[in-house]
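Below you'll find the structure, written out as structure tokens, and then a few comments.
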Amino acid sequence: MEYRKLGRTGLEASVIGFGAEWIGQMEQAEVNAMAARGAAAGVNIVDCWMSDPAVRSALGEALAPARDQWIIQGHVGSTWQDGQYVRTRDMALVPAAFDDLLARLHTDHVEIGMIHYVDACDEFRAIMAGDFIAYMRELLAAGRIRHIGLSTHNPEVALLACEEPEIEVVMFSLNPAFDMMPASEDLEDLFGDYENVAGDGIEPVRARLYARAEATETALTVMKGYAGGRLLAADTSPFGVALTPVQCIHYALTRPAVASVMVGVETVEQLDEALGYEGATAAERDYASVLAGAPKHAYMGQCAYCGHCAPCAVGINIALANKFYDLAEMAVGDGAAPVPASVRAHYEAMAVTADACTACGQCEPRCPFGVPIPERMEAAAALFGC
Ligand code: SF4
Ligand code: SF4
């Protein structure tokens, strides 16, 4: 299992995480088997946003044998009222719901206390100025949460969170379909009509989010990596072609700042499919060819960091050079801001930097997205000065 730095937390998270949302449909033995299977494969991060007491108890029992090995994202603001899940900021209800979470997980703390599901910018600002963040700070001071995170589907909210030093992890809905969609405070818009999407490729606000998360070392953990299953079938995919779970996971893991993809699975077999990512070949991970040849929507002209263009005649890692170039260019904007030091350090640590490009053109025919590679290498060399 590959592990990645979880932002500034000092923790290392497995690139495949466990999104436990389907546990409510399972027998306890299945939940135990799922957690054991994941742990045996090296999965060490799990998300629990659910407020259903039965689900929390089932997860607690499954995690108990190896509690210390898990990084738990436990959500604050997810409550159970009259037999139903209710997201709330009501401080008369929030602390009791969090106490219940810890009790049912048989633990005195979670590694990441997640401010649960904030999709409106005004709501985010109210949280950061009021009782809710004060409560998160209390939890942090008491060691009941070790770090603060936030979950959102809205890139504008995620961008605001990246600018808050207290927030170290953002759980964000990320996949190639959502990446085409503009920011919205309504989750339903993400599952809406892709026929009306103005352009193709990654929406600028989402690209900005990935760049800011990388620059601020805010970890992104991924939810809805399969777009709720829509991407796995040609008739529901907005691209008109199916991707595999492994291809969806690879797409998410090739975005900047992403630490872990929390896969939502209903069976051990589906978990195994996701875990297959680790041993998958480059061809099996290759989302790029699928998207480039898709009958609907295309990412033409944009680098998807897929690595298809390798090998470079002089040894440049073209995908990485392109990624650092995009991150730097986004930060620099109209030239007012400098290249972020962390991006520059990553770029300069490459064995061969973009200035070595001889414009031989050998790589270009291998790019499924028609990216003008020598031009971009020249631009990267100019921006970084080497
Ligand atoms: S054009 Fe540049 S980046 Fe592409 S193979 Fe030639 S030297 Fe490498
Ligand atoms: S230049 Fe093309 S082939 Fe190379 S990483 Fe970018 S999208 Fe992939």
Subset tally (residues that are modelled with pLDDT under 85 and within 12 Å of ligand 2 (Cβ to nearest atom)) for segment 331-364: 0
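The rows are residues; the columns are (1) of a type in the set (A, V, I, L, M, F, W, C); (2) out of contact with any His (no Cβ under 9 Å at 6 or more places or on another chain); (3) open to solvent by less than 60 Å² (accessible area, probe 1.4 Å); (4) modelled with pLDDT of 95 or more.
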| position | (1), (2), (3), (4) |
| --- | --- |
| Ala29 | yes, yes, no, no |
| Ala33 | yes, yes, yes, no |
| Asp68 | no, yes, no, no |
| Ile72 | yes, no, yes, yes |
| Thr107 | no, yes, yes, yes |
Among residues of segment 236-266, those that are open to solvent by 10 Å² or more (accessible area, probe 1.4 Å) and charged (D, E, K, R), counted: 1
Restricting segment 310-338 to residues that are under 19 Å from Ala356 (Cα atoms) and of a type in the set (Val, Ile, Thr), the residue that is most open to solvent (accessible area, probe 1.4 Å): Val314
Test set (1) within 16 Å of ligand 1 (Cβ to nearest atom); (2) exposed (fewer than 13 other Cβ atoms within 10 Å of the Cβ) - Ala341 fails condition number: (1)
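Listed here are the residues, each with its yes/no results for (1) under 23 Å from Val205 (Cβ atoms); (2) free of Cβ contacts under 8 Å to residues at least 24 places away in the same chain.
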site	(1), (2)
Cys48	no, no
Gln81	no, yes
Arg89	no, no
Phe98	no, no
Leu101	no, no
Arg104	no, no
Asp122	yes, yes
Phe132	no, no
Flag if Met128 is more than 23 Å from Ile45 (Cβ to Cβ), hydrophobic (A, V, I, L, M, F, W, C), touching a residue at least 40 places away in the same chain (Cβ under 8 Å) and surrounded by fewer than 24 Cβ atoms within 10 Å (Cβ to Cβ): no
Number of the exception - Phe324 against (1) within 16 Å of ligand 2 (Cβ to nearest atom); (2) more than 26 Å from Met180 (Cα to Cα): (2)
Tally, over segment 273-313, of residues that are assigned by TED's automatic domain parsing to the domain that holds Ala213 and within 16 Å of ligand 1 (Cβ to nearest atom): 0
Unique match (being in contact (Cβ under 8 Å) with a residue 24 or more places away in the chain and either within 16 Å of ligand 1 (Cβ to nearest atom) or within 21 Å of Ala215 (Cα to Cα) (or both)) among Gly333, Gly370, Gly385: Gly370
Residue in segment 279-294 that is buried (at least 21 other Cβ atoms within 10 Å of the Cβ), touching a residue at least 40 places away in the same chain (Cβ under 8 Å), closer than 30 Å to Ala35 by Cα and not polar (S, T, N, Q) present: yes
In segment 365-381, the residues that are at pLDDT 90 or above and part of a helix (DSSP H, G or I): Ile373, Pro374, Glu375, Arg376, Met377, Glu378, Ala379, Ala380, Ala381
Residues that are in a helix (DSSP H, G or I) and open to solvent by 20 Å² or more (accessible area, probe 1.4 Å), drawn from segment 267-278: Val268, Glu269, Gln270, Asp272, Glu273
Residue check, Ala58 over 22 Å from Val222 (Cβ atoms), of a type in the set (A, V, I, L, M), in contact (Cβ under 8 Å) with a residue 12 or more places away in the chain and buried (at least 23 other Cβ atoms within 10 Å of the Cβ): yes
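The values are calculated or read from the model by the stated rules, or taken from the named source; none is laboratory data. Note that the structure is predicted; figures quoted are calculated from it, not measured. Note that each Cβ is placed from the backbone with ideal geometry, even for glycine, and that neighbours are counted across all protein chains shown. Quick note on the areas: whole protein, heavy atoms, side chains included, nothing else; ligands and nucleic acids left out. Shrake-Rupley method; radii C 1.70, N 1.55, O 1.52, S 1.80 Å.
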